[in-house]
Amino acid sequence: MFTGLVEHNPRVASIIATSSDDPSSSWSSHTITLDDASPILGDCHIGDSISINGACLTVTSFSTDEFTVGLAPETLRRTNLGELKVGDRVNAERAMAGHTRFGGHMVQGHVDSTATIISRVPDGDSIRYTFQLPPSTTLLPYIIEKGYITIDGASLTLTEVNDNPEHRSFGIMLIAHSQEKLTLTKKEVGDKVNVEVDCVGKYVLGSKDRIEQLVNSLVDKKLKEKGLL
């Protein structure tokens, strides 16, 4: 579990692709080493979870200044991590400790989809970003104005939502402080970001759907018993 408060921006030092053993798959696994990472490695252990651009990854090795994580084909399919290049900076956050102040929101590190930046407009000392989800998206019911969303691992507040199937867009505002902490400012219109919707919304809507199904089945059963159906 994470908070969406980015701690550091380590740098991609190397990327090694490993061919898939599955001949039917076009996706390979990747091993990525990140350096300039000492601020988040002081209490690191093999097997620890670290969020990289919003994806929960497992530390497989580390030293005082660098660490290595593996990317499975599923991670590469779901995220923008396959587009990383050596020298790129990423948003990183260690898994939340029990004594940590909960300043963001509940972030699982399970990326739901990518979205594309479709506008980037200065607004005073802030920047307004608008993103578009892919046509096949099922995430719009979980995206509400003034709710939470995670963009490349950062907990942000939604300022606008257009749930028209043709638009499938949402917006956030990046304040000056966040601009200094996040890699989003290095991205341009057309670039992709990782998106995780608020997991609380998933649980609420999932429970609502199951309750509706249960009620409908009970009503149908009673109507059949009385010969009305």
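Checked against (1) among the hydroxyl-bearing types (Ser, Thr, Tyr); (2) under 18 Å from Ile151 (Cβ atoms); (3) modelled with pLDDT of 95 or more; (4) in contact with an Asp or Glu (Cβ under 9 Å, 6 or more places away or on another chain), Thr79 passes all but condition (4).
Per-residue answers, yes or no, for (1) assigned by TED's automatic domain parsing to the domain that holds Arg89; (2) more than 22 Å from Gly124 (Cα to Cα); (3) not charged (D, E, K, R):
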position: Leu182; (1), (2), (3): no, no, yes
position: Glu196; (1), (2), (3): no, yes, no
position: Asp209; (1), (2), (3): no, yes, no
position: Ser217; (1), (2), (3): no, yes, yes
position: Asp220; (1), (2), (3): no, yes, no
position: Gly227; (1), (2), (3): no, yes, yes
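When Lys192, Lys146 are checked against the criterion of being buried (at least 16 other Cβ atoms within 10 Å of the Cβ) and charged (D, E, K, R), a single residue qualifies: Lys192.
Inspect the stretch 55-63 for any residue being modelled with pLDDT under 95 and either out of contact with any Leu (no Cβ under 8 Å at 6 or more places or on another chain) or of a type in the set (Asp, Glu) (or both) and give the result as yes or no. First the steps, then the outcome.
Step one: of the stretch 55-63, the residues modelled with pLDDT under 95 are none.
Within the stretch 55-63 (the criterion being modelled with pLDDT under 95 and either out of contact with any Leu (no Cβ under 8 Å at 6 or more places or on another chain) or of a type in the set (Asp, Glu) (or both)), the answer is no, since none of the residues qualifies.
Selection of the stretch 85-113 for residues being touching a residue at least 12 places away in the same chain (Cβ under 8 Å), of a type outside the set (Gly, Ala, Ser) and closer than 18 Å to Tyr148 by Cβ yields Asn91, Glu93, Met96, Thr100, Phe102, His105, Met106, Val107, Gln108, His110, Val111, Asp112.
Of the residues that sit in the stretch 79-126 and are small (Gly, Ala, Ser) and more than 26 Å from Ala13 (Cα to Cα), which one is surrounded by the most Cβ atoms within 10 Å (Cβ to Cβ)? Before the answer, list the steps.
So the first thing to find is which residues in the stretch 79-126 are small (Gly, Ala, Ser), and the list is 82, 87, 92, 95, 97-98, 103-104, 109, 113, 115, 119, 124, 126.
With the extra rule that they be more than 26 Å from Ala13 (Cα to Cα), the set shrinks to 97-98, 103-104, 119, 124, 126.
On the way: Ala97: 7, Gly98: 4, Gly103: 9, Gly104: 18, Ser119: 12, Gly124: 9, Ser126: 16.
So the residue we want is Gly104.
Those residues that are part of a loop (DSSP other than H, G, I, E, B) and in contact with a Ser or Thr (Cβ under 6 Å, 6 or more places away or on another chain), I need them from the stretch 104-132; list them, please. Gly104, His105, Gly109, Val111, listed by residue number.
The values are calculated or read from the model by the stated rules, or taken from the named source; none is laboratory data. Just so it is clear, the structure is predicted and the values come from calculations on it, not from any experiment. Cβ atoms come from the backbone with ideal geometry, glycine included; neighbour counts cover every protein chain shown.
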